[in-house]
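Undergrad: Structure incoming, see below.
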Amino acid sequence: MRKSIRTYLLSEEEQLVQPSPYTPGETAREIPGRETQLTDITGLLGRVALEGRFAGRVRVDVGPRGVGKTSLLRRAQRTAHDLGLASVFVTAGNGTLTAVIADEVHQLTRAWGHGDVLTERVSQVKLSAGVPGVGHLELTGRQRPAPEATRAFRELIAHTAQAAAQDGDHRGVLLLIDELQAADPDSLRTIAYAWQELQASDSPVPAALLAAGLSHTPDVVTRAVTHAERFQYRPMRDLEPHETREALTAPSAALGVSWTTDALTAVVERAQGYPYFVQVYGDEAWHAAGNPDAGGQLTLADVNAAQERVEVDLTELYRTRWARATARERDILTAMANHPEGPVPRRAIAERLRVGTTALSMARQSLLDKGILDAPAHGMLQFTVPGFGAYVRSLTTN
Ligand SMILES: Nc1ncnc2c1ncn2[C@@H]1O[C@H](COP(=O)(O)OP(=O)(O)OP(=O)(O)O)[C@@H](O)[C@H]1O
Ligand SMILES: [Mg+2]
């Protein structure tokens with residue numbers, strides 16, 4: 001295979017080497033194992049782009065930290081662009097979400113020259129969201145957003161979709177929200193109500209909303225919004241062995257490098273299908289093999305040579321998570337670590353700590369928000385990262 005000059009970097013020895021094609025801690029471009037999600041998302045976006053329809057359902061892909069949610073959303077964004085949709089990507093948790101969206105819409109539409117109407121809509125959304133310095137409107141109760149806020153947001157989306165078609169040379173607009181579980185409740189309500197009302201517009205609004213969040217996102221949304229039937233949750237799972245193999249072989253094959261079967265088998269076993277670990281192993285094996293040239297091969301010896309570096313990486317990941325837990329939270333983590341692997345009933349933890357389950361609820365919520373624990377089913381808790389239980393045991397038995 002011929003290599004383009006851009007696939008080379010200078011190493012310390014000033015030799016030309018191929019940089020690792022693996023992406024630990026960065027969004028993955030190729031996302032094996034997510035074919036079903038991509039088919040569904042492409043169908044949803046296609047109806048907006050090709051038939052000018054409004055996507056009334058809000059699709060939310062949920063799963064633990066590091067499972068690949070952001071990578072999936074970014075991939076959906078590329079699909080949207082291929083279909084001719086404009087897009088706005090925001091990450092919740094940093095300010096009032098509707099205001100953040102309004103600002104991003106402003107950035108996007110500036111180039112379209114639609115001018116005053118949209119600028120006006122943007123300020124209306126911020127005003128009605130009570131953003132400091134922009135003014136404040138009273139909200140009318142816990143479960144309903146102020147009608148002004150809903151109207152402003154609804155009109156912002158409708159005008160943006162319209163402007164996209166008229167001025168922006170697009171077919172509609174896609175809104176993407178990452179880390180939905182971190183959104184402020186007021187914004188969640190505003191968005192949910194606006195989305196419901198947009199469905200009833202006289203002329204269809206070519207717009208779609210895709211989101212992603214940690215596994216407890218449905219609880220967060222239901223707590224904020226009583227009518228959230230439009231939100232459809234789709235759990236994301238770890239990779240199957242053949243998907244892990246593909247995640248390892250496709251990026252290297254693009255650079256002319258292959259894997260031996262026993263090397264692949266070793267990583268499949270050790271990464272346990274957790275996408276982040278797959279990337280760490282791939283990356284470290286690549287370096288252990290000395291950044292191979294085209295025609296090179298990654299072997300079991302390389303994987304074994306990489307093992308120590310991988311463990312340093314993973315221990316660092318466990319260490320930072322443990323450091324972020326409070327004393328009460330650490331009690332819970334320790335109780336869980338002393339349980340057999342897999343989901344642990346909340347009741348079992350309470351019994352071990354000799355408290356009632358309600359006494360745990362604040363710490364539990366905080367551990368979910370931090371992404372250290374996951375609630376795979378009602379009343380159950382689980383570590384989000386494989387190997388964390390063993391790490392906690394190693395700390396507490398010393
Ligand atoms: N389908 C996949 N196959 C292989 N690796 C993947 C896949 N999806 C994501 N990854 C890799 O897994 C890691 C986590 O991906 P990503 O950041 O998308 O996950 P996330 O669920 O958004 O995590 P977080 O909850 O921490 O934001 C990254 O290193 C990424 O490159
Ligand atoms: Mg993410």
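Each value in this text was obtained by applying a stated rule to the coordinates, not by laboratory testing. Because the structure is a prediction, the values reported are computed rather than measured. Reconstructed Cβ throughout: ideal geometry from the backbone, glycine too, with neighbour counts over all protein chains shown.
Undergrad: Sorting check: for 201-212, 375-386, 185-196, which peptide has the highest mean count of neighbouring beta carbons within 10 Å, and how do the rest follow?
TA: Per-residue mean Cβ counts within 10 Å order the peptides as 185-196, 201-212, 375-386.
Undergrad: Of T226, G46, A250, which is farthest towards the positive pole of the chain's charge dipole, taken about the Cα centre with +1 and -1 on the beta-carbons of Lys, Arg and Asp, Glu respectively?
TA: Value: T226.
Undergrad: For R234, which sequence-distant residues (separation of 5 or more, or a different chain) have an amide H within less than 5 Å of its own amide H, given hydrogens modelled in the peptide plane?
TA: V60, D61, V62
Undergrad: Any idea which of Q279, G342, V267 is furthest toward the positive side of the dipole for region 247-371, if Lys and Arg beta-carbons carry +1 and Asp and Glu beta-carbons -1?
TA: G342
Undergrad: Between 0 and 90 degrees, rounded to the nearest ten: what's the tilt of helix 35-51 against the longest Cα principal axis of the chain?
TA: 30
Undergrad: Mind jotting down the three principal axis lengths of the chain based on Cα atoms? Whole angstrom, largest first.
TA: Projected onto the principal axes, the Cα atoms of the chain cover 64, 64, 36 Å.
Undergrad: Obtain the nm distance between the two label points defined at V355 and H378 by a simple spin-label model: each point lies 7 Å from its Cα along the Cα-to-C-beta direction.
TA: 2.4
Undergrad: Report, in debye and to the nearest 20, how large the dipole of region 35-235 comes out about its Cα centre when Lys and Arg carry +1 and Asp and Glu carry -1 on their Cβ.
TA: The calculation lands at about 440 debye.
Undergrad: Provide H159, H242 in ascending order of the number of other Cβ atoms located within 10 Å of each residue's Cβ, fewest first.
TA: Ordered from fewest to most neighbouring Cβ atoms within 10 Å, H159, H242 come out as H242, H159.
Undergrad: Here's another thing I want to ask about it. Classify region 259-398 as rounded, prolate or oblate, taking a ≥ b ≥ c as the square roots of the eigenvalues of its Cα gyration tensor: rounded when a/c is under 1.5, otherwise prolate if a/b is larger than b/c and oblate if not.
TA: prolate
Undergrad: By the gyration tensor of its Cα atoms, with a ≥ b ≥ c the square roots of the eigenvalues, what is the shape of region 324-396: rounded for a/c under 1.5, prolate for a/b over b/c, or oblate?
TA: Cα axes put region 324-396 in the rounded bin.
Undergrad: Relative to the longest principal axis of the chain, what angle (0 to 90°, nearest 10) does the C-alpha long axis of helix 185-198 take?
TA: Tilt of helix 185-198: around 60 degrees.
Undergrad: Under a plain spin-label model, where a point goes 7 Å from the Cα along Cα-to-Cβ, how far apart in nm are A348 and A254?
TA: Those two pseudo-labels are separated by 4.1 nm.
Undergrad: Using 0.36 nm per residue of separation minus the Cα-Cα distance, give me the extension gain between H227 and H81 in nm, one decimal. All intermediate terms of the calculation are to be shown ahead of the outcome.
TA: On the way: separation 146, 0.36 × 146 = 52.56 nm, distance 3.09 nm.
Contour length minus the Cα-Cα distance gives 49.5 nm.
Undergrad: Let me ask another. For M362 paired with S394, estimate the spin-label separation in nm (one decimal), with each label point 7 Å from Cα along the Cα-to-Cβ line.
TA: The answer from the label model is 3.3 nm.
Undergrad: Apply the Karplus curve 6.51 cos²θ - 1.76 cosθ + 1.60, θ = phi - 60°, to the phi angles in region 375-390 and return the couplings in whole Hz, x for Gly and Pro.
TA: Listing the rounded values in order: 10, x, 8, 4, x, 10, 10, 8, 5, 7, 10, x, x, 5, x, 5 Hz.
Undergrad: Hey, fewest Cβ within 10 Å first, where do I101, I41 land in order?
TA: In increasing order of surrounding Cβ atoms, one gets I41, I101.
Undergrad: So in the chain, what percent of DSSP beta bridges are antiparallel if you round to the nearest 5?
TA: Of the beta bridges lying entirely in the chain, close to 20 percent run antiparallel.
Undergrad: How far, in degrees from 0 to 90, does helix 327-337 lean away from the longest principal axis of the Cα atoms of the chain, to the nearest 10?
TA: For helix 327-337, the angle is close to 60 degrees.
Undergrad: Based on other C-beta atoms within 10 Å, arrange L174, L248 from fewest to most. Intermediate results must be reported in sequence, preceding the final value.
TA: Numbers: L174 29, L248 26.
Ascending number of Cβ neighbours within 10 Å: L248, L174.
Undergrad: While we're on this one: With springs connecting C-alpha atoms under 10 Å apart, model the chain as a Gaussian network and identify which of E269, E284, E30 has the largest mean-square fluctuation.
TA: Comparing E269, E284, E30 in a Gaussian network model of the chain, the most mobile one is E269.
Undergrad: A follow-up question, please. From the Cα gyration tensor of region 35-235, with a ≥ b ≥ c the square roots of its eigenvalues, which class applies: rounded if a/c is under 1.5, or else prolate if a/b is larger than b/c, or else oblate?
TA: The shape class here is oblate.
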